[in-house]
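The values are calculated or read from the model by the stated rules, or taken from the named source; none is laboratory data. Please read these numbers as outputs of a predicted model, since none were measured by experiment. Cβ atoms come from the backbone with ideal geometry, glycine included; neighbour counts cover every protein chain shown. Just so you know, the surface numbers come from the protein's heavy atoms only, side chains and all, with ligands and any DNA or RNA stripped out. Shrake-Rupley method; radii C 1.70, N 1.55, O 1.52, S 1.80 Å.
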Amino acid sequence: AFQINRQCREYKDCKSENMEKMPHQFQDVEALRKGDHQEIFMFDPTNYGGHGSTLYDNWFEMGSGDLLDLPCYKSNRYEPYVAVRYCDDLPPYQEQFSGYGKNKVSQAMHMRRSGYVYSLVGQAWLVHYP
């Protein structure tokens, strides 16, 4: 997951200006990352424990659809954005944590302890727009 700098100077929602910066293709993501004024960052860089285990640099080198398993987790607070196929054995998402701010942590930990392996998918991404 990535985060883009706000396009407004004042504190207001400037949706149209922000949406213009949203990448639609992998080349757009790369362009936002490069140059003198980097405009895309690890999602919530102040929460390294929450997202620091994601191998961002490796991801940029991956081919489309390639998988790279995460070899280790730097924090028990790791809360990746995940896409999973539902099955009866999938640990439940604890809805009572919604809005808490770390609402993915309990499910992520449960999935890891249940043997799920997290993998990066080459050239697949999302941009958080709160």
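Observations, loosely collected:
- Residue selection: Leu70 fails the criterion of being touching a residue at least 24 places away in the same chain (Cβ under 8 Å) and either open to solvent by 40 Å² or more (accessible area, probe 1.4 Å) or within 23 Å of Arg6 (Cα to Cα) (or both).
- Residues satisfying the stated conditions in region 40-56, i.e. over 19 Å from Val121 (Cβ atoms), out of contact with any strand residue (DSSP E or B) (no Cβ under 6 Å at 6 or more places or on another chain) and either open to solvent by 30 Å² or more (accessible area, probe 1.4 Å) or touching a residue at least 60 places away in the same chain (Cβ under 8 Å) (or both): Asp44, Pro45, Thr46, Tyr48
- Considering the conditions (1) open to solvent by less than 50 Å² (accessible area, probe 1.4 Å); (2) closer than 20 Å to Tyr116 by Cβ, Arg77 is excluded by exactly one of them, (1).
- Among the residues listed as Val105, Val82, the single one being aliphatic (A, V, I, L, M), touching a Lys or Arg at 6+ places or on another chain (Cβ under 9 Å) and open to solvent by less than 40 Å² (accessible area, probe 1.4 Å): Val105
- For the residues Lys12, Lys21, the requirement of being open to solvent by 30 Å² or more (accessible area, probe 1.4 Å), more than 12 Å from the chain's Cα centre (by Cα), among the basic types (Lys, Arg) and closer than 14 Å to Val127 by Cα singles out Lys21.
- Leu120 being in a strand (DSSP E or B) and either on the phi < 0 side of the Ramachandran plot or not hydroxyl-bearing (Ser, Thr, Tyr) (or both): yes
- Subset of region 24-38 (residues that are more than 18 Å from Val121 (Cα to Cα), modelled with pLDDT of 75 or more and either in contact with a Leu (Cβ under 8 Å, 6 or more places away or on another chain) or not basic (Lys, Arg) (or both)): Ala31, Leu32
- Selection status of Trp59, surrounded by 10 or more Cβ atoms within 10 Å (Cβ to Cβ), among the hydrophobic types (A, V, I, L, M, F, W, C), closer than 29 Å to Ser16 by Cβ and in contact with a Leu (Cβ under 9 Å, 6 or more places away or on another chain): yes
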